[in-house]
Amino acid sequence: MDAAALIQALTERFPDAVRSSHAYRGDATIVVSREALLDLARALKGDAAFQMNFLMDLTAVDFSTFGKKPSSAFFASSGVAVRPSAELPDEHPWPGPPRVPNAAAALGAPPGPARFVVVYHFFSLPLKHRLRVEVPLEENDAEVDSVTSLWAGADWLEREVWDMFGIRFRGHANLKRILTYEQFVGHPLRKDYPVNKRQPLIGPDGHASDHS
Amino acid sequence: MPRTIPDNSVPAAAAASDALETRDMLLNVGPAHPAMHGIIRIVARLDGEQIVDADVDIGYLHRGFEKMSETVDYNGVIPYTDRLNYVSPLINNVGYCMAVEKLLGISVPERCHYIRVIVSEISRLTDHLTCVGASAMELGAFTVFLYMIKAREYLWELVESVTGARLTVSYCRVGGVKADLPEGFAEQCAKAFEETRRVLAESDALLTRNRIFVDRMSGTGKISAEDAVSYGITGPFLRASGVPYDVRKDCPYASYDRLEFDVPVGTRGDNFDRYLVRMEEMQQSMRIVEQALRDMPPGPFQASPQTGRSLPASEMVDQGKVGNIPAIRDACAVTDPTLDGSAKPLHVSIATAEKRVFLPPKEDTYGNIEGLMQHFKLVMYGHGARPPKGEVYFAVEGANGELGFYVVSDGGNTPYRVRVRPPCFAIMSALPKLVVGDMMADLTPTFGSINMIGGELDR
């Protein structure tokens, strides 16, 4: 199934769950609400039309500074402003980061930008198609259902997303840090975590080691 | 790190009956252990010599690859990708560059595709040689290790002749590769493969019917096809369980769809099948490289088409100074060998024509003002290629399985987010499943067959 056909089949099957979709650069992508995620994932795995037996990747993106980065196009030392190179044009532009309906949406306001987006990459070996599912989350309620009951590989991937972004997975049996250590403060892949921040290396006894 | 120690007290029932007292033992393997291929800690709970539970602790080599990628421009990420799977860095280079090219919507010339295939397959060979050699050594077959490292050395010499480095290659560029294959590469390659084939035949004779080796490998570290798929395991590890998934066949990229090769598949999903799959994949990789060298479009030649001789760079500069651009535009300069990509009129056949992405040939940078400006617009701070806003996922077949890059752009000159899907992360998460029920001594061949690479696992 190609990207457009896959998106159409999913939209027909889950008219309420699929909020938006695109096939930028041929990658079939759907945006779903977190309430619908688990049912959708179960159908993606079990349904004969999709047969997504692989959860290839599970990650997240922090969209809080998307498009807000100050342009770095200047000579850093002299302060002389220089126009940066033009952005490469695009015939079929990307629709932009997924948005999440907020409290104001009930009053007819457009949905606001989502701080976090949890990104799932599925692959179907029998049907040879890929699908990206995005679940937008708000900053103060960053929690989504765990898919560990469907794919065993989600265990570590969800732990990594918790470690790096501080997104919780409801129903995960062992949601603890994986790449950093228990005493680590903050979530390093959040955009508000400074790239050069240092933290003391905590030893097994719970104390910071002397040479850190 | 505080860790809850399981209750090891004697079960009441056992104490009540007159049985011998037994209790489980916690065995801490690692973080630094000679049979561990990286820094990793396995806390195994043993009943006698049998593993009843295992807890895997990773992250000792976490260097923040994904965070660092957000601070440099698109080409600046490439040296970081070298350090993911440092046994086959060229495949990481190819995967990342092809992901960014997909984001940019550009294509590269056919010869560049073939070069990428060739260097990827040579890397796969070195990776499999390291994996099989090291696991054989851990089971006592030290000779095989030395033989395989010898063969790997021949292949690394090939890599060095192409990229100028052995491990930290940084060979690919967004939109192409750094330089064309060196002269005489095909002959050098044939020679290296002859040696490699000899080593593989010797190793095969030493291992495949060796009673000690087979007893240690066969039936240990078993995983079924369903479990392997559920864990997201890919690559030779998955194929040994009987699932014929190979990114090169199922989602072909570069020029794999035009090359003929077989995907070896195991049946039992144990360590021995994984060994056999890797041995056969090395033969297939050599087959791919030989076809690619035969089929690839010819590269440029050194001499200038007008005069039949090459042009010294100083002469080219003099011509440029007097404005004689038409005379030197298509000529090939002989530049200093220390210059990046020197003496190679390379760009037409190995890099994209999109000038906003790829650095011009050094002959242009030093020979005319357009080339100089193009160069500076790409390398100066705050400039560089600026892909359109968007997100892409692109996967290549790494030595350990599907190596995917997910790149998000906000239209700036640095990636907004780079995520790598490391193949051995999925396999490592299945390690408890693999070893529980086996003997403690089986942990070594099982862990060896995973081919854990710390740089890729922890990023």
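The values are calculated or read from the model by the stated rules, or taken from the named source; none is laboratory data. Keep in mind it's a predicted model, so treat the numbers as computed, not measured. Cβ placement follows ideal geometry from the backbone for every residue including glycine, while neighbour counts extend to all protein chains displayed.
In region B:382-428, what residues are at the interface with chain A (Cβ under 9 Å from one of its Cβ atoms) and farther than 22 Å from residue A:94 by Cα?
B:382, B:383, B:402, B:421, B:425, B:426, B:428
In region B:134-146, which residues are out of contact with any Leu (no Cβ under 8 Å at 6 or more places or on another chain) and on the phi < 0 side of the Ramachandran plot?
Across region B:134-146, the qualifying residues are B:134, B:135, B:137, B:138, B:139, B:142, B:145, B:146.
Restricting region B:214-239 to residues that are of a type in the set (Gly, Ala, Ser) and closer than 23 Å to residue A:130 by Cα, which is farthest from the other protein chains (Cβ to nearest Cβ)?
In this case the residue turns out to be B:235.
Counting only residues that are in contact with a Lys or Arg (Cβ under 8 Å, 6 or more places away or on another chain), under 13 Å from residue B:456 (Cβ atoms) and crowded, with 20+ Cβ neighbours inside 10 Å, which one in region B:67-97 is nearest to the other protein chains (Cβ to nearest Cβ)?
Residue satisfying both the conditions and the ranking: B:84.
At least 2 residues that are modelled with pLDDT of 90 or more, within 26 Å of residue B:419 (Cα to Cα) and of a type in the set (Asp, Glu) in each: list the helices (runs of 4 or more DSSP H) lying fully within region B:74-159 that qualify.
B:110-138
Quick one: would you say residue A:86 is at pLDDT below 85, assigned to a helix (DSSP H, G or I) and surrounded by fewer than 18 Cβ atoms within 10 Å (Cβ to Cβ)? Break it down stepwise before answering.
Values: at pLDDT below 85: yes; assigned to a helix (DSSP H, G or I): no; surrounded by fewer than 18 Cβ atoms within 10 Å (Cβ to Cβ): yes.
It is false that residue A:86 is at pLDDT below 85, assigned to a helix (DSSP H, G or I) and surrounded by fewer than 18 Cβ atoms within 10 Å (Cβ to Cβ).
Just for helices (runs of 4 or more DSSP H) wholly inside region B:188-241: which have at least 1 residues that are among the basic types (Lys, Arg) and over 24 Å from the mean Cα position of the chain (by Cα)?
Numbers: elements: B:211-217, B:225-230, B:235-239.
Helices (runs of 4 or more DSSP H) meeting the threshold: B:211-217.
Could you tell me whether any residue of region B:437-456 is surrounded by fewer than 24 Cβ atoms within 10 Å (Cβ to Cβ), farther than 17 Å from residue B:131 by Cβ and either facing another protein chain (nearest Cβ under 7 Å) or of a type in the set (Lys, Arg) (or both)?
No, there is no match, as no residue in region B:437-456 is surrounded by fewer than 24 Cβ atoms within 10 Å (Cβ to Cβ), farther than 17 Å from residue B:131 by Cβ and either facing another protein chain (nearest Cβ under 7 Å) or of a type in the set (Lys, Arg) (or both).
Within region A:153-176, which residues are modelled with pLDDT under 90, within 11 Å of chain B (Cβ to nearest Cβ) and under 21 Å from residue A:35 (Cα atoms)?
none
Confirm whether residue B:100 is within 12 Å of the chain's Cα centre (by Cα) and surrounded by 17 or more Cβ atoms within 10 Å (Cβ to Cβ).
Here the answer is no, as residue B:100 does not meet what is asked.
Can you find even one residue in region A:177-198 that is in contact with an Asp or Glu (Cβ under 9 Å, 6 or more places away or on another chain), away from every other protein chain (no Cβ under 13 Å) and more than 30 Å from residue B:244 (Cβ to Cβ)?
No: zero hits.
Filter the helices (runs of 4 or more DSSP H) completely within region B:320-406 down to those with at least 1 residues that are surrounded by 15 or more Cβ atoms within 10 Å (Cβ to Cβ) and at pLDDT 75 or above.
B:362-367, B:369-379
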